[in-house]
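Presented below is the structure to which this report refers.
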Amino acid sequence: MKTARIRNLLLTTGAVALLSLQPVAGFAESLTDALIKAYQTSPVLASGRAGLRSLDESVPIARSTKRPQVDANIGAGTSADYGDFDDSRSDYLQATLDASLIVFDSGQTQAAIESARNDVAAGRADLKGIEQTVLYDAVQAYVDVRRDEEFVKLARADVDRLEETLRATRNRFEVGEVTRTDVSQSEARLAESRATLAVTSGQLQISREAYRAAIGNAPNNLENLPPKPDLPATLSEAEAVAMQNNPDLISAQFSERVAVYDFDRALAAKRPTVQVGASTGLSRSTNSLGSFGGDPFAELSVSGNMPLYTGGRNDSLIRQAQALIDQRRFQVQETGRLVRENVAAAWAQYEAAGVTIIATREQAEASRIAAEGVAEEARLGARSTLEVLDADQDRLEAEAQIVEAIRTEYLAAYALLQAMGLLTVEHLNLGIETYDPDINFARVQDGPIGGYDTSVVDRIRSRWEQ
């Protein structure tokens, strides 16, 4: 049963490779290298950035409502009286250039612009949250490979130890010092240890593939883990930082503002609008004799609109917007609670792991001394083979628990950074250029013509049309 407990620890704990484990000679990949690659190659981040660029366009789209709208139109037709087609036939051709401009809309456009701006701000916070998730997944992938490399090492050492134990037990059996039962017990433990080695080797391969998915390449001679990141001295400090920087909370706050501006826009839709228009063009017509008549023309107009009754649509939109404000307000409150909960949970896990490391190190030292004592007593005939095997497995179990506690503490530190909103390229000082959302936002604000590549769409379409 104790062997089973050790195997479970090797397979299910999130332990990272021991910090003292040295990488082999040659190029080694550090955690910093892995984080940089994850940030630069993650398709999840690339997708989030594309989504944010899409949101950027909502601001010039909203602004376009109060900018001039210009259309070119051309039309042609013919008409005639019934029964007198030849004599009454009349043909016409008309080409016009029409322009219109909303000069007053009771604040609808401005509210739409501010709503879009805050939606973009919420999208930026969401992108920061995606960045944190990508970096945390990279840390965990790195840790898992180191963990499984160490577990394979432990499992292989256990096989070697049990092979030596089995040889010694057989020798003692041949001279009559132990029974056949002792030999069978050693054989059973060795078989189980070999099975554990096979399973841990398979788990290592799984973790290597998870690393490839998170980082973008297979793990290559991973270095030791660097020191844990700096953390606040107290839980209250960590919570204060989180309430200012957590991207989920920031996104929820901006989404609440979006709802407020959408409410303003719904109210403004019940108020008057004023529009000016201009039209110029050329109109030509023919009579039955085939001669053309008509002249160029130009028109100016001013029109106003005041909704009086829309079948209840506008009032329904206002009530809908007001309900959405309430929803977003409660979402901000709920997100704030979740942020505090996540910070407190990560803090508690971090502190508990630190205490556990100390306790399990004491346990491991005591188990080592006990295992050495039992082995010596067995040589003197005072202990059985089974007791030797159990004592050595107690030592191995204690060592595995140390590894588990080290891993838990390390990942809890990064989970705390994530909950505080500080698991970012800038805070980790990775030393690379980061994505600047201001560049695309500034580029599209004036609604430039073009700027799209239809070949990209054609390539995508060709994949699903085949």
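We did not get these values from a lab; they are worked out from the coordinates using the rules stated. Note that the structure is a prediction, hence the values are computed from the model and not measured. In this analysis, Cβ positions are derived from the backbone assuming ideal geometry, glycine residues included, and neighbour counts consider all displayed protein chains.
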Which of the listed residues, Thr133, Val355, Asn305, is farthest toward the dipole's positive end in segment 2-448, when Lys, Arg count +1 and Asp, Glu count -1 at the beta-carbon?
Val355
Please work out the Cα center distance from segment 321-340 to segment 182-200, rounded to the nearest Å.
56
Would you please give the FRET efficiency between Ala198 and Thr65, computed as 1/(1 + (r/R0)^6) with r the Cβ-Cβ distance and R0 = 60 Å, to the nearest 0.05?
0.35
Classify segment 181-321 as rounded, prolate or oblate from the Cα gyration tensor: take a ≥ b ≥ c as the square roots of its eigenvalues, call it rounded if a/c is under 1.5, otherwise prolate when a/b beats b/c and oblate if not.
prolate
Taking Cα extents along the principal axes in Å straight from the coordinates, which label in [x] 133, 53, 43; [y] 58, 55, 40; [z] 64, 55, 44 is the correct one?
[x]
Would you list Lys228, Lys128 from fewest to most Cβ contacts within 10 Å?
Lys228, Lys128
Within segment 2-448, how many Lys pairs sit with Cα atoms under 30 Å apart, leaving out pairs fewer than 8 places apart on the same chain?
7
Signed unit charges on C-beta, dipole axis of the chain, positive-most listed residue Ala344, Gly75, Ala413
Ala344
Lys, Arg +1 and Asp, Glu -1 on Cβ, resulting dipole of the chain about Cα centre, debye, nearest 20
320
Can you tell me the order of 33-44, 50-61 when each peptide is scored by its average per-residue count of other Cβ atoms within 10 angstrom, highest first?
33-44, 50-61
Protection-proxy order for peptides 115-124, 368-377, each taking the mean of Cβ atoms within 10 Å per residue, highest first
115-124, 368-377
Net charge over other residues, Cβ less than 9 angstrom from the Cβ of Asn118 (K, R count +1; D, E count -1):
-1
Can you tell me the relative contact order of the chain? Whole percent, Cα pairs under 8 Å, sequence separation 6 or more.
26
Gap separating the Cα centres of segment 410-428 and segment 220-280, nearest whole Å
19
Mind jotting down the distance between the C-alpha centroids of segment 129-161 and segment 442-465, whole Å?
41
How would you rank 348-357, 405-414, highest first, on the average number of other Cβ atoms within 10 Å across their residues?
405-414, 348-357
Rank Asn429, Gln322, Gln110 by how far each Cα sits towards the positive end of the charge dipole of segment 2-448 (+1 on Lys, Arg Cβ; -1 on Asp, Glu Cβ) and give me just the farthest.
Gln322
